[in-house]
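Participant: Okay, here's the structure, questions in a sec.
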Amino acid sequence: MLKANKKIKSFTLSEMMVVLVISAIVISLAITVLNLVQQQIRSINTSFEKNTEIRLLKRALQHGFNTGEVSYNSKDSLLICSHLNSSTIYEFHKNYVLRNNDTLHFEMEVIQPFVNGQPVVAGIVDALTLTISDEIKNKELFFFKPNDATFYMNNNGF
């Protein structure tokens with residue numbers, strides 16, 4: 001004989017609804033945490049890119065100061081690093097710096113060229129201070145080259 005009143009084990013509708021609500025809460029928390037992690041990664045990546053551009057500018061300017069003659073024109077905000085066979089031109093703007101055909105994106109606050117420790121407006125320079133604006137703080141970069149006897153002889157008309 002077959003039993004007509006055989007019970008099948010299953011979940012009730014209310015139990016299924018509780019599972020769905022708990023699953024929805026867990027998924028929404030996971031998505032929120034994922035968004036926060038993505039924002040942090042974007043922030044780190046942006047900071048890394050800006051620091052990389054600053055490092056490249058520092059390296060290029062230090063190379064220019066060490067290997068040739070450097071002159072500055074404040075009227076056009078041009079810094080020219082002349083080498084034996086070529087020259088590199090830096091054009092400073094408020095929101096970017098052009099280095100020949102390369103564009104470096106950061107805000108320049110102050111550009112101060114020096115000769116023998118004295119600020120100058122134009123001409124041959126032996127030191128340069130750049131202040132770069134950053135979201136957190138200003139970064140100050142200083143470049144210089146030691147002058148040899150020929151520098152002093154050429155400037156004094158010998």
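Participant: Within the stretch 46-80, work out how many residues are assigned to a helix (DSSP H, G or I) and not basic (Lys, Arg).
Facilitator: Residues flagged as assigned to a helix (DSSP H, G or I) and not basic (Lys, Arg) within the stretch 46-80 amount to 18.
Participant: For the stretch 35-57, name all the residues that are touching a strand residue (DSSP E or B) at 6+ places or on another chain (Cβ under 6 Å) and in contact (Cβ under 8 Å) with a residue 60 or more places away in the chain.
Facilitator: The answer is Leu57, and nothing else.
Participant: Collect the residues in the stretch 124-137 that are surrounded by 12 or more Cβ atoms within 10 Å (Cβ to Cβ) and farther than 19 Å from Thr67 by Cβ, keeping them in residue-number order.
Facilitator: Once the filter is applied, which keeps residues that are surrounded by 12 or more Cβ atoms within 10 Å (Cβ to Cβ) and farther than 19 Å from Thr67 by Cβ, the stretch 124-137 yields Thr129, Thr131, Ile132, Ser133, Asp134.
Participant: If you check Gly68, Gly64, which single one turns out to be surrounded by 10 or more Cβ atoms within 10 Å (Cβ to Cβ), touching a residue at least 24 places away in the same chain (Cβ under 8 Å) and touching a Cys at 6+ places or on another chain (Cβ under 6 Å)?
Facilitator: Gly64
Quick note: the coordinates plus some simple rules give every number you see, no bench work behind them. What you see is a predicted model; the values in this text were computed from it and never measured. Heads up, the Cβs are rebuilt from the backbone with ideal geometry, glycines too, and the neighbour counts pull from every protein chain shown.
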